[in-house]
Amino acid sequence: MPAALIWLIAALLLAGAEALTGDMFLLMLAGGALAAAVSRQLLDLSPWVDGAVFLVVSVLLVTLVRPTLRRRLQPAALPEVGIEALAGRSAIVLEPVSRHGGQIKLAGEVWSARPMVEHDVYGQGEEVSVIAIDGATAIVGPTGFGNSIEGSAT
């Protein structure tokens, strides 16, 4: 069996195996094997040259092409929507917020609210941070408090 055909079969097997992994590594090796097959067919040099062509092309593809290809194929982070997007935002107290309830204006809407710490009270006009949403009630804390919780979780 001609050496060029062996390299071509290796390239096809590596490309087929890539379909199972999706990591783009085996595809780069398939590119190296394909380059070795072409060089063997066109130049008909020693098997050592085929191996060197495979090695050089594979290393170049893995180091230069694969990172760019993976970045382009990686899905973008989905934006937060719904109530997940409200945590950490600032709100204005419309009616005093205490453990018995209250109201805030959050993202242009009026929400019922209660403080995260039971004994805290926030007066009308005060700015608060939304810590979480519990059903239809915003759990609030002092301004900047929601951002420090999110920062410590990451």
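If you model the chain as an ellipsoid using its alpha carbon gyration tensor, with each semi-axis the square root of five times an eigenvalue, the axes come out at 65, 13, 10 Å, biggest first. Beta-bridge orientation, the chain: approximately 80 percent antiparallel, per DSSP, counting only bridges with both partners inside. For the chain, excluding the exposed loop sites themselves (GluC sites (Glu not before Pro), DSSP loop, at most 13 other Cβ atoms within 10 Å), the longest remaining stretch covers 1-79. From its DSSP helices (H runs of at least four residues, each -39,500 (n - 2.57)), the chain gives a residue-normalised ellipticity at 222 nm of -14500 deg cm²/dmol.
What are the DSSP H helices in the chain that stretch 15 Å or more along their long axis, judged by alpha-carbon atoms, and whose average Kyte-Doolittle hydropathy comes to at least 1.0? Helices meeting the criterion: 3-21, 25-43, 47-60.
Within the shell defined by Cβ-Cβ distances under 11 Å, the residues around Ala4 carry a net charge of -1, with Lys and Arg each +1 and Asp and Glu each -1. Shown for the range 84-151: the carbon plus sulfur share of the solvent-accessible area, taken with all protein chains present and a 1.4 angstrom probe, equals 50%. Taking label positions 7 Å along the Cα-Cβ direction at both Glu95 and Ile6, the computed distance is 8.4 nm, reported to one decimal. For the range 2-73, the solvent-accessible area with a 1.4 angstrom probe is 64 square angstrom per residue. Under 1.5 on a/c is rounded, so check that first for the range 2-73, then, if it is not, pick prolate when a/b is larger than b/c and oblate when it is not; a ≥ b ≥ c are the square roots of the alpha carbon gyration tensor eigenvalues. Verdict is oblate for the range 2-73. In this structure the range 84-151 gives 54 Å² per residue of accessible area when probed at 1.4 Å with all protein chains present. Exposed loop sites here are trypsin sites (Lys or Arg not before Pro) in DSSP loop states with at most 16 other C-beta atoms within 10 Å. What is the longest stretch of the chain lacking them? So the longest stretch without any such site is 1-88.
The values are calculated or read from the model by the stated rules, or taken from the named source; none is laboratory data. From a predicted model like this one, the values you see are computed outputs, not experimental measurements. All Cβ positions, even for glycine, are placed from backbone atoms using ideal geometry, and neighbour counts span all protein chains on display. Calculation scope for accessible area: heavy atoms of the full protein, side chains included, ligands and nucleic acids excluded. Shrake-Rupley method; radii C 1.70, N 1.55, O 1.52, S 1.80 Å.
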